[in-house]
Amino acid sequence: MAFRLKLAHAATLVSGLAVACLDNGVAPSALVPTTPSLGGVSAAVTCQVTVRTATLACGPATPVPTNGSVHKTRGIEPDVLTLGGQGIYVRLTSSGTAYDGSSLFTSDVTLTNLLALPMNTVDDATADTGGVKVFFNSGPSVTGGTGTVAVANPDGTGAFTGTGQPFFKYSDGVVLASQATTESKTWQFTVPPTVTAFAFTVYVTTKLPVTTGLTFAQVSAGAYGACAVTTAGAAYCWGINAYGALGNGMASGPQLCDNGNGCSPTPVAVSGGHTFTTVSAGTFATCGVTTAGVAYCWGYNLAGELGNGTTTDSPTPVAVSGGHTWRAVSATGPYNTCGVTTAGAAYCWGANGGQLGNGTTTGPENCPQYGDCSTMPVAVSGGLTFAAVSAGWGYACGVTTAGAAYCWGVGGYGQLGTGSNTSSATPVAVSGGRSWAAVSAGAYSTCGVTTAGDAYCWGLDAYGEIGDGVSTGGPYNARYYPSPVPVSGGLNFATVSAGHLYNTCGVTTAGAAYCWGWAAYGGLGNGITTGPERCNGDGCSTTPVAVW
């Protein structure tokens, strides 16, 4: 059985934005509306037809009240997904638009599945009998002239939001694969010559293979949200959607959360239909690597952190420039991103105050709203062969294939781990001579796990995030550890993650999760927000506590 969900769709057309499709041999034009910033509503896209010039055009979305972005809708059949978002979940494309001058207006329309899932199936293989239906939710309504307009050749009628609503049925008896486009279907409207323009809204309904929820293989937590990859390689994101951080084609929305911010409290599919192996969520940008080794990024791009040669934000994944084959990419820095290729070469892009690791703190470009930057990957100096890299706030770290840890960039809090608080524009070795399995660069502190499973941290210790059991006291006290210090407790860790500010968490080889540092907002995951200790006037823990 497939779940019936209302995600938010529609297709609109409005004169003036000229998606004109004349019967003159011009290539088909996609009906692409302005993406709305709406909370708690579905985006019903209004479609406007100008009769005498035989044009269809897409305009601003209009709000259609719902009970939220995900809820059940009483529809024509059970277990139907009601889709929305022209250019987000589906794309309707018109061609061959014409008016015979007396009574018949026609347009050939195709439907493209932009989801990472197939449509018209509940098991990924067997076609459902319902097809993919484009329902007329309202209209056609005359907006210019006088008379009555009707859909002349619907494939049927049914009860969607009302009774007797016409629909066109696509993909009948066929599974519509991700990114696939249907054959065109001719839409006909009876239009008397006294009508000069009319409008309508549509929704799309179909069955999807969503039966027991999503099964994730990898999850990455960012500053204000998270992204994940399913076992099938589909990427999903949730949380705040500023600058297109969710990657679903919308610059904001689909709901409004605290302080009026666009957000989604449930996972939404990342656009594009790519098959990912990993994703890395940052502050307002996310990057991922596909099974083909191609890196894509989406969201905020003030300093070129998307790596596509521009500083333009993108609500959909854009390919990182350079043609490299990537093993992994780390987008956890607020303005900088780093990655390692399958050959072990490290590259960074975005802001440059030394965090590019190429030996400079200026250039090679000037991003208009930021300053020194690179909008495309630049090679990290030193000729080292890396197994992994991690981007932090103004710096980055990596582990070589030989198990040595190196860091570069801003080092004022000792976060480079060299024994001093000196910054470096090229990789410098983390002191101690240990053999590292992984390192994680955070905001102002860094943590790592050795091949023996021992956890160490270094850098700023404001709220116990170093985890050495020594209280910072307070208020307004902090210590700096320029060399790795062991995390207390004698636990054997498989991985650790330095947080975006003042928390650190890790997972032991036995699969138990522990956190330490700032306890405010429940960041330790142990059921309390006020302790067990006090650091700088707030609750904290200077040693690992078990996550409930």
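The values are calculated or read from the model by the stated rules, or taken from the named source; none is laboratory data. What you are looking at is a predicted structure, and each value in this text was computed from that prediction instead of being measured. Reconstructed Cβ throughout: ideal geometry from the backbone, glycine too, with neighbour counts over all protein chains shown.
How many residues does segment 152-176 contain that are in contact with a strand residue (DSSP E or B) (Cβ under 7 Å, 6 or more places away or on another chain), of a type outside the set (A, V, I, L, M, F, W, C) and part of a loop (DSSP other than H, G, I, E, B)? The number of residues fulfilling the criteria is 7. Regarding segment 524-534, can at least one residue be identified that is hydrophobic (A, V, I, L, M, F, W, C), modelled with pLDDT under 90 and within 15 Å of Ala478 (Cα to Cα)? No, there is no match, as no residue in segment 524-534 is hydrophobic (A, V, I, L, M, F, W, C), modelled with pLDDT under 90 and within 15 Å of Ala478 (Cα to Cα).
If you go through segment 438-457 and keep only what is of a type outside the set (Gly, Ala, Ser) and over 27 Å from the mean Cα position of the chain (by Cα), you end up with Val449, Thr450, Thr451, Asp454, Tyr456, Cys457. Checking every residue in segment 205-220 against the condition of being assigned to a strand (DSSP E or B) and touching a Cys at 6+ places or on another chain (Cβ under 7 Å) gives at least one match. Among the residues making up segment 410-435, a single one is part of a strand (DSSP E or B), of a type in the set (Gly, Ala, Ser) and free of Cβ contacts under 8 Å to residues at least 60 places away in the same chain: Ala429. Give the residue that is farthest from Trp298 (Cα to Cα), with candidates limited to residues of segment 232-243 that are surrounded by fewer than 23 Cβ atoms within 10 Å (Cβ to Cβ) and among the aliphatic types (A, V, I, L, M). Going through the qualifying residues, I end up with Ala232.
Take segment 355-408 and flag every residue that is surrounded by fewer than 21 Cβ atoms within 10 Å (Cβ to Cβ), part of a strand (DSSP E or B) and outside the structural domain of Gly323 (by TED's automatic domain parsing). Across segment 355-408, the qualifying residue is only Thr400. For segment 85-121, residues that are of a type in the set (A, V, I, L, M), part of a strand (DSSP E or B) and at pLDDT below 90 total 6. If the condition is being small (Gly, Ala, Ser), in contact with a Cys (Cβ under 6 Å, 6 or more places away or on another chain) and over 21 Å from Asn477 (Cα atoms), then segment 497-523 contributes only Ser497. Annotation: Asn153 fulfils all but one of (1) at pLDDT 95 or above; (2) outside the structural domain of Met119 (by TED's automatic domain parsing); the unmet one is (2). The set of residues from segment 134-151 being touching a strand residue (DSSP E or B) at 6+ places or on another chain (Cβ under 6 Å), assigned to a loop (DSSP other than H, G, I, E, B) and exposed (fewer than 15 other Cβ atoms within 10 Å of the Cβ) comprises just one member, Gly147.
Looking at Thr286, Thr311, just one residue is part of a strand (DSSP E or B) and in the same structural domain as Ala221 (by TED's automatic domain parsing), and that residue is Thr286. Only a single item in (1) over 19 Å from Ser440 (Cα atoms); (2) more than 35 Å from the chain's Cα centre (by Cα); (3) in contact (Cβ under 8 Å) with a residue 40 or more places away in the chain is not met by Cys535, and it is number (2).
Whenever a residue of segment 507-529 is within 15 Å of Gly464 (Cα to Cα), its partners that are among the hydrophobic types (A, V, I, L, M, F, W, C) and in a helix (DSSP H, G or I), lying with C-beta atoms within less than 8 angstrom and at least six residues away or across chains, give the pairs Thr529/Ala520. In summary, Gly249 fulfils each of the numbered conditions (1) under 10 Å from the mean Cα position of the chain (by Cα); (2) in a loop (DSSP other than H, G, I, E, B); (3) over 22 Å from Ala177 (Cα atoms) with the single exception of condition (3). Select from segment 223-263 the residues that are hydroxyl-bearing (Ser, Thr, Tyr) and either on the phi > 0 side of the Ramachandran plot or not assigned by TED's automatic domain parsing to the domain that holds Leu306 (or both) and list them in ascending order. Scanning segment 223-263 gives a single hit, Tyr243.
For segment 215-231, give me the residue count where each residue is surrounded by fewer than 16 Cβ atoms within 10 Å (Cβ to Cβ) and of a type in the set (Val, Ile, Thr). Of the residues in segment 215-231, 3 are surrounded by fewer than 16 Cβ atoms within 10 Å (Cβ to Cβ) and of a type in the set (Val, Ile, Thr).
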